[in-house]
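Student: This structure is in structure tokens; I'll ask about it shortly.
The values are calculated or read from the model by the stated rules, or taken from the named source; none is laboratory data. None of these values were measured; they are calculated from a predicted model. Reconstructed Cβ throughout: ideal geometry from the backbone, glycine too, with neighbour counts over all protein chains shown.
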Ligand SMILES: [Zn+2]
Ligand SMILES: [Zn+2]
């Protein structure tokens, strides 16, 4: 089968490898239909994170058809159309039952996080509870709906996670930091949870427009002190919640700056800073929540239904589609910020 390989920074290639096989009783083999590139894949592709050369791709979002399951997989069957999340919650431990399957107690990092999804086939471990069955088959859905279903593998639940842990509630004033796919989905989530005002901080016209279409009530292009002043002017004070969807120190600074004392930060950008002692926010009484999203919980409880009945359209974050063979272009165009998120057609 064909798989994408991280050759080196700036270079993704396709290689022929052996098709994966069932190795554990709770494995499933999935034939990938759609995959995509995540903003987090770009940390090693173009933002300087070190990743071993000629190594497995970090792709971790897909839609597919179950081809084979191990003997302990009883809830999912060959032929099922599934959303393949980046997480592998067990559904039974304390963390999963509390709705934190992104950090399942039984499947701790890194095995709780998938990779290698940019391929024709995937071995998905801990499959029984974590995979999410979609009614029917891919051919029953429009391309737009497939995009929204694919967004449920990571970015929509991740944006939702920021809003849940913040925790955004009816009437809240919310600021979203990060205009990529996760930030756009955080706007959708804030709206779902009843926020009265949602400000997207973005300097890019196309991304500002999308945020407004998805539920933002205002956009702020300024950054730093100027951006903070603009947000406070629009809200008539500080925000109740800041959803931090980037993962840099400056984005955390921005989040802290827009909140009123006693406000909440929901952070879902993978942290690329290590000098923020928790005590630094004591004087502001800030509550922090964040981490890996509870994909399976949110999708099974609420998000799949919201996509299927047309209430939310997170697929709008996929602004370009590529054939699997064009994988490097799909990465490069995202790195160049020409597209918000790249979808890959792997099979029909
Ligand atoms: Zn991701
Ligand atoms: Zn668990």
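Student: Suppose we filter 39, 48, 89 for residues that are closer than 30 Å to residue 244 by Cβ, within 16 Å of ligand 2 (Cβ to nearest atom) and assigned by TED's automatic domain parsing to the domain that holds residue 319; which single one remains?
Tutor: 89
Student: Same structure again: Of 270, 278, 265, which residue is outside the structural domain of residue 35 (by TED's automatic domain parsing) and more than 19 Å from the chain's Cα centre (by Cα)?
Tutor: 278
Student: Now a separate question. Residue check: is residue 165 surrounded by fewer than 18 Cβ atoms within 10 Å (Cβ to Cβ) and over 30 Å from residue 320 (Cα atoms)?
Tutor: No, not satisfied.
Student: Is it true that residue 122 is more than 13 Å from ligand 1 (Cβ to nearest atom), part of a helix (DSSP H, G or I) and farther than 23 Å from residue 266 by Cβ?
Tutor: Judged against the criteria, residue 122 is not a match.
Student: Then there is this: Give me the strands (runs of 3 or more DSSP E) completely within the stretch 1-118, filtered to those with at least 3 residues that are touching a helix residue (DSSP H, G or I) at 6+ places or on another chain (Cβ under 8 Å) and surrounded by fewer than 22 Cβ atoms within 10 Å (Cβ to Cβ), ordered by residue number.
Tutor: 11-16
Student: Say we look at the stretch 301-336 and pick out the residues that are in a loop (DSSP other than H, G, I, E, B) and in contact with a helix residue (DSSP H, G or I) (Cβ under 6 Å, 6 or more places away or on another chain); which of these is surrounded by the fewest Cβ atoms within 10 Å (Cβ to Cβ)?
Tutor: 313
Student: If I filter the stretch 282-296 for residues that are modelled with pLDDT of 95 or more, surrounded by 14 or more Cβ atoms within 10 Å (Cβ to Cβ) and assigned to a helix (DSSP H, G or I), do I get at least one hit?
Tutor: Checked the stretch 282-296: at least one residue is modelled with pLDDT of 95 or more, surrounded by 14 or more Cβ atoms within 10 Å (Cβ to Cβ) and assigned to a helix (DSSP H, G or I).
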